[in-house]
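Asks: Below is one structure. I have some questions about it.
The values are calculated or read from the model by the stated rules, or taken from the named source; none is laboratory data. Bear in mind the structure is a predicted one, so any value in this text is a computation, not a measurement. Positions of Cβ are generated from backbone atoms using ideal geometry, with glycine treated the same way; all protein chains shown enter the neighbour counts.
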């Protein structure tokens, strides 16, 4: 179905068919204090795209979620007060995670923290079936931005 890209007549998602993907969860993939590494997870213009005949601007939710995660990282690393942004980002990330409804079964293990043992899961080494290929989304966004 086509949309006019005006008012509320907009598509629900990017106009691409995502390939299935899987991702093995790994520990410590980014240095918590390396701003450049974290900034590189989001394309320029915070991953926004322009679509339709009037080049209407949209935010891609995946990149909004990554931006919010980076905001929370900075608050932790810098221990600075950014309460307003955090109050937006935590509920946004919560809802994004719920929306994905990742039902991957993670391996459980007895974990110890401060002398206390409990059954838990780190997720490290577990392969998750992703909602789509995030690298494909990145290519689409970068190609779209190149046309600006």
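Asks: Those residues that are in a loop (DSSP other than H, G, I, E, B), out of contact with any strand residue (DSSP E or B) (no Cβ under 8 Å at 6 or more places or on another chain) and within 29 Å of residue 57 (Cβ to Cβ), I need them from region 1-29; list them, please.
Replies: Pass one, region 1-29, residues in a loop (DSSP other than H, G, I, E, B): 1-5, 7-8, 10-20, 25-29.
Now narrow it down to the ones that are out of contact with any strand residue (DSSP E or B) (no Cβ under 8 Å at 6 or more places or on another chain): 1-2, 4, 7-8, 12-13, 16-19, 26-29.
Within region 1-29, 1, 2, 4, 7, 8, 12, 13, 16, 17, 18, 19 meet the criteria.
Asks: Moving on to the next point. Here is a list: 82, 70. Which entry is at pLDDT 85 or above and surrounded by 11 or more Cβ atoms within 10 Å (Cβ to Cβ)? So that I can check it myself, show each step before the final result.
Replies: Details: 82 fails: at pLDDT 85 or above.
When all the criteria are applied, what remains is 70.
Asks: Sticking with this structure for a sec: Regarding region 61-79, can at least one residue be identified that is in contact with a strand residue (DSSP E or B) (Cβ under 6 Å, 6 or more places away or on another chain), farther than 19 Å from residue 46 by Cα and part of a loop (DSSP other than H, G, I, E, B)? Before the answer, list the steps.
Replies: Applying the first criterion (in contact with a strand residue (DSSP E or B) (Cβ under 6 Å, 6 or more places away or on another chain)) to region 61-79 yields none.
Checked region 61-79: no residue is in contact with a strand residue (DSSP E or B) (Cβ under 6 Å, 6 or more places away or on another chain), farther than 19 Å from residue 46 by Cα and part of a loop (DSSP other than H, G, I, E, B).
Asks: Right, something else. Within the set of pairs 6+ apart or on separate chains, which have a first residue in region 1-13 that is at positive phi and surrounded by 10 or more Cβ atoms within 10 Å (Cβ to Cβ), a second that is at pLDDT 90 or above and not in a loop (DSSP other than H, G, I, E, B), and C-beta atoms under 7 Å apart?
Replies: Listed pairs, sorted by first residue: 5/51; 5/56.
Asks: Go through region 30-58 residue by residue and tally those that are under 30 Å from residue 124 (Cβ atoms) and in a loop (DSSP other than H, G, I, E, B). Write out each step before concluding.
Replies: As a first pass, look at region 30-58 and keep what is under 30 Å from residue 124 (Cβ atoms): 30-43, 46-47.
Remaining after also requiring in a loop (DSSP other than H, G, I, E, B): 30-34, 40-43.
Summing the residues that are under 30 Å from residue 124 (Cβ atoms) and in a loop (DSSP other than H, G, I, E, B) in region 30-58 gives 9.
Asks: Considering only region 89-148, state which residues are under 19 Å from the mean Cα position of the chain (by Cα), assigned to a strand (DSSP E or B) and surrounded by fewer than 13 Cβ atoms within 10 Å (Cβ to Cβ).
Replies: 127, 129
Asks: Condition check: touching a helix residue (DSSP H, G or I) at 6+ places or on another chain (Cβ under 9 Å), free of Cβ contacts under 8 Å to residues at least 12 places away in the same chain and more than 17 Å from residue 13 (Cα to Cα). Does residue 81 satisfy that?
Replies: Working: touching a helix residue (DSSP H, G or I) at 6+ places or on another chain (Cβ under 9 Å): yes; free of Cβ contacts under 8 Å to residues at least 12 places away in the same chain: yes; more than 17 Å from residue 13 (Cα to Cα): yes.
So residue 81 fits the description; yes.
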